[in-house]
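Right, one structure below, let's go through it.
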Amino acid sequence: MDAIGFFRDRKKEVLSKWRDAVFASYPPERTQFLKTKNDPFGNPVGHQINEGLAGILDYLLGEAGEEDCAGDVKAGVSRFLDAILRIRAVQDFTASQAVEFLFALKDALRDVADAELEKGHDVPDTRVLDRKVDALALEGFDIYCACREHLYEIRVREVKNLSYLAMKRANLVREIPGLEPSGAAEEE
Amino acid sequence: MADEVPKTSEMVKIDHAPPSTGWMDTPVVIRKGIYSYPAKKPTLDYLSMPFGREWSPLDADWKLPPNWLDILLEGMRERIDRFRSFRLFMDICVRCGACADKCHYFIGTGDPKNMPVLRAELLRSVYRKEFTLAGKLMGKMVGARQMTAEVLKEWWYYFFQCSECRRCSVFCPYGIDTAEITIIGRELLNLLGLNIDWIAQPAANCFRTGNHLGIQPHAFKDMLDFFVDDTENITGVRVNPTYNRKGAEILFVTPSGDVFADPGTYTAMGYLILFHYLESLGFDVTWSTYASEGGNFGFFTSHEMMKRLNAKMYAEAKRLKVKWILGGECGHMWRVIHQYMDTMNGPADHLETPVSPITGTRFTNAATTKMVHITEFTADLIRNGKLKLDKSRNDNLNVTFHDSCNPARGMGLLDEPRYVIQNVCNTFHEMPESTIREQTFCCGSGSGLNAGENLELRFRGGMPRANAVKHVHEKHGVNMLACVCAIDRAVLPPLMDYWVPGVGVTGVHELVGNALILPGEKKRTTDLRGEDLPGVEEED
Ligand code: SF4
Ligand code: SF4
């Protein structure tokens, strides 16, 4: 049996192990809420992560429905990666922590395979999936960086847009005596 | 499988789940991207607020005055006596948890101290220790704790992560309003000079010049003159607003964001077009270059500061001898008017109960404040068939409506903006029920948290709102988010840019300005943003 077929049969287990590992990266009070409240609007973060993980796994196992992504499976998985990483890019994660959830998929796959091995069952070579996960992780880094860049661009644009500055230049503003421009002292 | 290959989790050894200590024992970690810069000495001095100084939230020493604890506890004592609501909210919470997952900051950050119940508990624990017998005797067992400099830091960090939006109060069986607790919390912090710059500076500017940005009267007029030119280019009609005109019937006050920041400026053009249209029907309005701000950052500082800034609008109304005030699309201006104005500065006996000069409708809901919301006013005009509208001029827009927290939860303005939008636009879709009207999700940047340095906090807090927009964007093709708040118009565009690219932000009266047919106007080819109207290209 090939690895894909093997894990297709055990998709539920893989997904649940993976999901547990991902939610464990959040504070405990948070994990409870993220995992249990199934409401796309009341718990959007949990919902998007859940959807995203399932979508990525579908892609990995070649089960992504073409109709979900207008025939472009690759774009479909990027969308799921983006949904999760866009959230993690504004949470308290470093770059490696933000992307680590993709490597956790390897562990989930291995745990499931190991369990079968212990039962004395044949287990196929899973390296082909490892390589696919690595490729996803690399793409994940790109997406994470793009999200952070997006944040900085927005920040810069906000600062520029402060018409206040424009008016200052035009000498139309009278400031509070002795006051420096807002936030300038703290900028790095 | 090869056991010798270590697992990723073993290799990377990343443990970002924090230790599960109780919340009281988990020290506060102040993070960049979440906090806003502290208020500066000159601004605080200008507002006669105490203890202005240079300090950094990241330093161990916040340079507190030596007797800070006495000041703080005395401040609490005073407020417990003064505000029944405060004492009640301190006493009656049963920690049922109904509010816990209702705060957009908790939903977006996952930080347990952003659960409304815990946010309130930060203050309540000290209240118990200092002001209740059980707390004095049994301490931690009954959730009481000593006030320390560390606790103070925690207050500062978390009371400036609450946008005072009141969403949590909707779900509390006792009606506990955590926003009110935050308001008191911030007021206490202000006794020690611990405001944030983004609040203190606009408040000081407003106190000095009349608006948040410190724009002087001639510049204010210059800006509006630009809009007059732009409006003429687009409609062919020259509108003529008046300024500081004594004896006008109505004074118009709107947030200065409408005059100085896109896309609010298009809403300002909408007001100008509407006022011009109504002129021949007997509408007599003036703008003021002194009461040139509807927003009230005093509200985010202290009750006294809120009163001070609110009073300016009424003083100007008195000086100009107008009969009543028409208020623009602002958020917290309306909460101040609706919930506090009357006790603080009212009743405004020098004014009259507002009556629409065009329809004769008497706005008895504004009988004491004498101030009418522009969407109430416009909705009444539409209902009485007074406006000639061409909805198709908004046909490039597929609109949804974000209930801004203050008009929605703070004053119950839910249907008027929707009524107006649906009369000036052909395509409108509501976001899911649990994210609108009374249950609306905050933009994530309210109550003075719309600074730049705390962008991550804003984007996490705004995520639930953006998520609902994304839903209607994907499902119905919504491409325009309408709102009636200037802070929204400033902060939702970047929020959309990050979470839902392809959705713009507009004020309701920009849509009105597009649809309203001015007598004698030329054939319009663009909307108020200068973008081609639907169908124009094909005709060319
Ligand atoms: S819902 Fe009300 S009573 Fe329950 S924990 Fe929250 S504030 Fe306390
Ligand atoms: S008022 Fe709004 S921001 Fe503050 S705790 Fe309640 S839900 Fe959160």
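The values are calculated or read from the model by the stated rules, or taken from the named source; none is laboratory data. What you see is a predicted model; the values in this text were computed from it and never measured. No Cβ is skipped: glycine too gets one built from the backbone with ideal geometry, and neighbour counts run over all protein chains shown. Side chains are part of the model used for accessible areas, which takes the heavy atoms of the whole protein and leaves out ligands, DNA and RNA. Shrake-Rupley method; radii C 1.70, N 1.55, O 1.52, S 1.80 Å.
Give the dimensionless ratio obtained when the Cα radius of gyration of region B:50-117 is divided by 2.2 N^0.38 Å. Write down the numbers at each step before the final one.
Numbers: Rg = 16.6 Å, N = 68, 2.2 N^0.38 = 10.9 Å.
Here the answer is 1.52, to two decimals.
For region B:465-540, the set of GluC sites (Glu not before Pro) satisfying both a DSSP loop assignment and a count of at most 12 other C-beta atoms within 10 Å is given as B:Glu531.
These residues, B:Met223, B:Met480, go from largest to smallest accessible area, 1.4 Å probe, as B:Met223, B:Met480. Sorting the Cα pairs of region B:30-162 by distance into bins of 10 Å, from 0 upward, gives 11, 35, 37, 17, 1 percent per bin.
Potential lengthening of the chain between B:Ala311 and B:Asn233 amounts to 24.3 nm, from the contour at 0.36 nm per residue minus the alpha-carbon distance.
Rounded to the nearest 0.05, the FRET efficiency derived from the C-beta distance between B:Glu54 and A:Ser96 at R0 = 41 Å is 0.70. Scalar couplings 3J(HN,Hα) for region B:94-106, obtained by applying the Karplus form with A = 6.51, B = -1.76, C = 1.60 to θ = phi - 60°, are 9, 6, 6, x, 4, 8, 3, 9, 9, 8, 4, 6, 5 Hz; x denotes Gly and Pro. Residues A:Glu100, B:Glu54, ordered by accessible area of protein heavy atoms at a 1.4 angstrom probe radius and largest first, appear as B:Glu54, A:Glu100.
Between B:Asp70 and B:Ser85, the contour length at 0.36 nm per residue exceeds the Cα-Cα span by 3.1 nm. The modelled label-to-label distance between B:Met141 and B:Arg31, using points 7 Å beyond Cα along the C-beta direction, is 3.7 nm. Once both labels are positioned 7 Å from their Cα atoms along Cα-to-Cβ, the gap between A:Arg131 and B:Leu133 label points is 7.7 nm.
Legend: calculated FRET efficiency, B:Asn384 to A:Glu118, from the Cβ-Cβ distance at R0 = 60 Å, rounded to 0.05, equals 0.15. Each label was represented as a point 7 Å from its Cα along the Cα-to-Cβ direction; for B:Thr353 and A:Thr36 these points are 5.2 nm apart.
Here chain B has an Rg and Dmax of 24.6, 89 Å, counting Cα atoms alone.
Sorting B:Phe51, A:Phe6 on solvent-accessible area from highest to lowest, probe radius 1.4 Å, gives B:Phe51, A:Phe6.
The length gained by stretching the chain between B:Lys391 and B:Asp225 to full extension, at 0.36 nm per residue less their Cα-Cα distance, is 57.1 nm.
The protein assembly as shown gives an Rg/Rh value of 1.00, both radii derived from C-alpha positions and Rh following Kirkwood.
At 1.4 Å probe size, with the rest of the protein present, what percent of the exposed accessible area of the protein assembly as shown is carbon and sulfur atoms? On the protein assembly as shown, the fraction of accessible area on carbon and sulfur atoms equals 51 percent.
On average, how much accessible surface per residue is there in chain B, in Å², for a 1.4 Å probe, leaving out ligands, DNA and RNA? Don't skip to the answer; put the middle values down first.
On the way: 18990 Å² over 540 residues.
Spelled out: the 1.4 Å probe surface of chain B, per residue, equals 35 Å².
Structural size metrics of region B:124-181, computed from C-alpha coordinates, are Rg and Dmax of 13.4, 35 Å. Taking all protein chains as shown and a probe of 1.4 angstrom, B:Arg362 keeps an accessible surface of around 140 Å².
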